[in-house]
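So the structure is just underneath, and the comments pick up after that.
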Amino acid sequence: MESAYAWRRLAVSLALSTIGGVGLWSVVVVLPAVQAEFDVARGSASVPYTATMLGFALGGILMGRLADRFGIVLPLVVSSISLSLGYLLAAWAPGLVEFALVQGLIVGLLGSSVTFAPWLPTCPTGSRAGVVSRSPSAPAATTWPAPSGPRFSSTSR
(Lines give C-alpha, C1' and ligand atoms only; values in the text may rest on other atoms or scores of the structure.)
Protein backbone atom coordinates (compact mmCIF):
# COMPACT_ATOMS: atom_id res chain seq x y z
CA MET A 1 0.00 0.00 0.00
CA GLU A 2 1.31 3.39 -0.92
CA SER A 3 1.70 6.26 1.51
CA ALA A 4 -0.28 9.50 1.55
CA TYR A 5 2.86 11.26 0.31
CA ALA A 6 3.00 8.96 -2.72
CA TRP A 7 -0.65 9.73 -3.53
CA ARG A 8 -0.04 13.49 -3.20
CA ARG A 9 2.99 13.19 -5.45
CA LEU A 10 0.90 11.26 -7.96
CA ALA A 11 -1.82 13.95 -7.92
CA VAL A 12 0.70 16.77 -8.37
CA SER A 13 2.45 14.88 -11.19
CA LEU A 14 -0.84 14.29 -12.96
CA ALA A 15 -1.86 17.96 -12.60
CA LEU A 16 1.50 19.22 -13.86
CA SER A 17 1.42 16.79 -16.79
CA THR A 18 -2.08 17.89 -17.73
CA ILE A 19 -1.28 21.59 -17.57
CA GLY A 20 2.13 21.33 -19.22
CA GLY A 21 0.96 18.88 -21.85
CA VAL A 22 -1.20 21.53 -23.49
CA GLY A 23 1.88 22.57 -25.46
CA LEU A 24 1.87 19.25 -27.25
CA TRP A 25 -1.76 19.39 -28.36
CA SER A 26 -2.68 23.05 -28.74
CA VAL A 27 -1.24 23.39 -32.25
CA VAL A 28 -3.23 20.40 -33.42
CA VAL A 29 -6.44 21.92 -32.06
CA VAL A 30 -5.84 25.26 -33.78
CA LEU A 31 -4.47 23.81 -37.03
CA PRO A 32 -7.40 25.03 -39.18
CA ALA A 33 -7.06 28.50 -37.65
CA VAL A 34 -3.30 28.53 -38.32
CA GLN A 35 -3.94 27.47 -41.89
CA ALA A 36 -6.48 30.25 -42.42
CA GLU A 37 -4.56 32.94 -40.53
CA PHE A 38 -1.34 32.49 -42.49
CA ASP A 39 -3.10 31.48 -45.72
CA VAL A 40 -1.04 28.32 -46.18
CA ALA A 41 -1.72 24.71 -47.19
CA ARG A 42 -2.47 22.10 -44.52
CA GLY A 43 1.03 20.61 -44.81
CA SER A 44 2.66 23.99 -44.20
CA ALA A 45 0.32 24.69 -41.31
CA SER A 46 1.59 21.46 -39.71
CA VAL A 47 5.19 22.73 -39.53
CA PRO A 48 4.64 24.36 -36.09
CA TYR A 49 3.55 20.98 -34.73
CA THR A 50 6.70 19.37 -36.12
CA ALA A 51 8.77 22.15 -34.54
CA THR A 52 7.00 21.61 -31.23
CA MET A 53 7.76 17.88 -31.26
CA LEU A 54 11.42 18.46 -32.15
CA GLY A 55 11.72 21.06 -29.40
CA PHE A 56 9.96 18.69 -27.02
CA ALA A 57 12.43 15.89 -27.81
CA LEU A 58 15.50 18.08 -27.35
CA GLY A 59 13.98 19.81 -24.35
CA GLY A 60 13.42 16.48 -22.66
CA ILE A 61 17.17 15.93 -22.65
CA LEU A 62 17.98 19.51 -21.63
CA MET A 63 15.35 19.76 -18.90
CA GLY A 64 16.07 16.26 -17.64
CA ARG A 65 19.71 17.23 -17.12
CA LEU A 66 18.65 20.48 -15.48
CA ALA A 67 16.33 18.55 -13.15
CA ASP A 68 19.10 16.08 -12.30
CA ARG A 69 21.47 18.91 -11.42
CA PHE A 70 19.20 21.39 -9.62
CA GLY A 71 16.03 19.47 -8.78
CA ILE A 72 12.62 19.72 -10.44
CA VAL A 73 11.59 23.15 -9.13
CA LEU A 74 13.86 25.20 -11.43
CA PRO A 75 12.77 23.39 -14.61
CA LEU A 76 9.10 23.76 -13.57
CA VAL A 77 9.57 27.52 -13.10
CA VAL A 78 11.24 27.75 -16.52
CA SER A 79 8.38 25.72 -17.98
CA SER A 80 5.61 27.85 -16.55
CA ILE A 81 7.24 31.09 -17.69
CA SER A 82 8.04 29.62 -21.11
CA LEU A 83 4.53 28.32 -21.73
CA SER A 84 2.99 31.66 -20.77
CA LEU A 85 5.48 33.69 -22.79
CA GLY A 86 5.32 31.25 -25.70
CA TYR A 87 1.57 31.56 -26.09
CA LEU A 88 1.71 35.34 -25.84
CA LEU A 89 4.40 35.48 -28.52
CA ALA A 90 2.56 32.93 -30.69
CA ALA A 91 -0.53 35.14 -30.61
CA TRP A 92 1.52 38.02 -32.03
CA ALA A 93 3.57 36.02 -34.55
CA PRO A 94 3.52 37.87 -37.88
CA GLY A 95 4.13 34.78 -39.99
CA LEU A 96 4.21 31.00 -40.02
CA VAL A 97 8.00 30.82 -39.58
CA GLU A 98 7.90 32.96 -36.44
CA PHE A 99 4.93 31.00 -35.13
CA ALA A 100 6.80 27.71 -35.70
CA LEU A 101 9.94 29.04 -33.99
CA VAL A 102 7.97 30.14 -30.94
CA GLN A 103 6.19 26.79 -30.79
CA GLY A 104 9.40 24.79 -31.21
CA LEU A 105 11.81 26.73 -29.04
CA ILE A 106 9.70 28.27 -26.31
CA VAL A 107 6.61 26.05 -26.01
CA GLY A 108 8.21 22.70 -26.91
CA LEU A 109 11.87 22.98 -25.86
CA LEU A 110 11.52 25.06 -22.69
CA GLY A 111 7.85 24.54 -21.81
CA SER A 112 6.12 21.22 -22.31
CA SER A 113 9.24 19.06 -22.25
CA VAL A 114 9.58 19.64 -18.50
CA THR A 115 6.25 18.03 -17.79
CA PHE A 116 7.23 14.71 -19.35
CA ALA A 117 10.89 13.70 -19.22
CA PRO A 118 11.80 14.33 -15.56
CA TRP A 119 8.95 12.13 -14.33
CA LEU A 120 10.04 8.99 -16.16
CA PRO A 121 12.93 7.82 -13.96
CA THR A 122 11.28 8.71 -10.64
CA CYS A 123 8.62 6.01 -10.42
CA PRO A 124 8.84 2.24 -10.60
CA THR A 125 7.07 0.76 -13.59
CA GLY A 126 4.60 -1.39 -11.65
CA SER A 127 3.28 1.30 -9.32
CA ARG A 128 0.28 3.56 -9.92
CA ALA A 129 2.64 6.52 -10.09
CA GLY A 130 4.66 4.62 -12.69
CA VAL A 131 1.58 4.24 -14.87
CA VAL A 132 0.89 7.99 -14.76
CA SER A 133 4.53 8.82 -15.37
CA ARG A 134 4.54 6.64 -18.50
CA SER A 135 1.58 8.47 -20.05
CA PRO A 136 1.68 12.07 -18.82
CA SER A 137 0.43 13.64 -22.03
CA ALA A 138 -2.73 11.52 -22.17
CA PRO A 139 -4.68 13.67 -19.68
CA ALA A 140 -3.67 16.79 -21.59
CA ALA A 141 -4.77 15.26 -24.88
CA THR A 142 -8.21 14.52 -23.50
CA THR A 143 -8.64 17.67 -21.39
CA TRP A 144 -7.50 20.64 -23.46
CA PRO A 145 -9.15 20.13 -26.89
CA ALA A 146 -12.68 20.39 -25.47
CA PRO A 147 -12.44 23.90 -23.93
CA SER A 148 -10.10 25.33 -26.55
CA GLY A 149 -11.53 23.74 -29.72
CA PRO A 150 -14.77 25.74 -30.13
CA ARG A 151 -12.94 29.02 -29.62
CA PHE A 152 -10.76 28.39 -32.66
CA SER A 153 -13.11 26.34 -34.83
CA SER A 154 -14.47 29.29 -36.79
CA THR A 155 -11.92 31.35 -38.62
CA SER A 156 -12.87 34.70 -39.97
CA ARG A 157 -10.70 37.45 -41.30
Residue under question is GLY23, and the condition is that it be assigned to a helix (DSSP H, G or I), buried (at least 22 other Cβ atoms within 10 Å of the Cβ), within 18 Å of the chain's Cα centre (by Cα) and in contact (Cβ under 8 Å) with a residue 12 or more places away in the chain; does it hold?
yes
Among the residues of region 30-42, is there at least one that is surrounded by 16 or more Cβ atoms within 10 Å (Cβ to Cβ) and either on the phi > 0 side of the Ramachandran plot or among the charged types (D, E, K, R) (or both)?
yes
Given the conditions (1) at pLDDT below 95; (2) closer than 17 Å to VAL29 by Cβ, which single one is not true for GLY86?
(1)
With criteria (1) part of a helix (DSSP H, G or I); (2) farther than 23 Å from SER13 by Cβ, SER80 comes up short on (2)
Looking at region 41-61, can you tell me whether even one residue there is polar (S, T, N, Q), more than 17 Å from the chain's Cα centre (by Cα) and outside any helix (DSSP H, G or I)?
no
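The values are calculated or read from the model by the stated rules, or taken from the named source; none is laboratory data. Given the structure is predicted, the values throughout are model-derived calculations rather than measurements. Ideal geometry is used to build each Cβ from the backbone, glycine not excepted, and the neighbour counts take in all protein chains shown.
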